[in-house]
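The values are calculated or read from the model by the stated rules, or taken from the named source; none is laboratory data. Everything numeric in this text was worked out from a predicted model, so none of it was measured. With ideal geometry, Cβ positions are generated from the backbone for all residues, glycine too; neighbour counts draw on all protein chains shown.
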Amino acid sequence: MAQSNKKKLKQRAVRTRRSLASAANGRARLSVFRSSKNISAQIIDDAKGVTLAAASSVDKELKGKIAKGWNKDAAAAVGKALAERAVKAGVRDVVFDRGGYMYHGRVKALAEAAREAGLNF
């Protein structure tokens, strides 16, 4: 029986997170969520179970800067805003959790903008 695309995405995300858990060495996790209309990312401390910083294309601060929430420009703006908020919170080193999505397009744009703004991963 064929699996649904949602189930396949979930399995890829679980597989990615399992490999990240061993490679994290106490670092926070930068998790990406991508929908058809928006993109969001958050930095999570898995040991404590808290979100340290978050940014989304629907944030009030970013809404005025970006025309659309679903393109690479919006993803780059979210990555830059997330990195600035993380540095302000005292987080510089993270592991990148692409969440089952391919490292391509919007996910790649978000990651590269976050690196340029000061995150190390």
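Of all residues in the stretch 1-25, those that are over 10 Å from GLY99 (Cβ atoms) have Cβ atoms under 7 Å from Cβ atoms of residues that are surrounded by 11 or more Cβ atoms within 10 Å (Cβ to Cβ), 6 or more apart or on another chain, in LEU20/ARG29; LEU20/VAL95; LEU20/ASP97; ALA23/VAL95; ALA24/VAL95. Exactly one residue out of SER56, SER40 is touching a residue at least 12 places away in the same chain (Cβ under 8 Å), surrounded by 18 or more Cβ atoms within 10 Å (Cβ to Cβ) and closer than 23 Å to LYS8 by Cα, and it is SER40.
Of all the listed residues (VAL78, VAL91), the sole one being under 10 Å from the mean Cα position of the chain (by Cα) and closer than 19 Å to ASN120 by Cβ is VAL78.
Apart from one condition, GLN3 fits all of (1) surrounded by fewer than 16 Cβ atoms within 10 Å (Cβ to Cβ); (2) polar (S, T, N, Q); (3) outside any loop (DSSP other than H, G, I, E, B); (4) in contact with a helix residue (DSSP H, G or I) (Cβ under 9 Å, 6 or more places away or on another chain); the exception is (3). The residue of the stretch 60-71 that is farthest from PHE33 (Cα to Cα), among those that are crowded, with 17+ Cβ neighbours inside 10 Å and in contact (Cβ under 8 Å) with a residue 12 or more places away in the chain, is LEU62. Counted as qualifying within the stretch 19-121 are the helices (runs of 4 or more DSSP H) with 1 or more residues that are within 29 Å of LYS7 (Cα to Cα), namely 72-89, 106-116.
Would you mind finding the one in LYS88, LYS108 that is surrounded by fewer than 17 Cβ atoms within 10 Å (Cβ to Cβ) and either touching a Lys or Arg at 6+ places or on another chain (Cβ under 8 Å) or at pLDDT 95 or above (or both)? Answer to the selection: LYS88.
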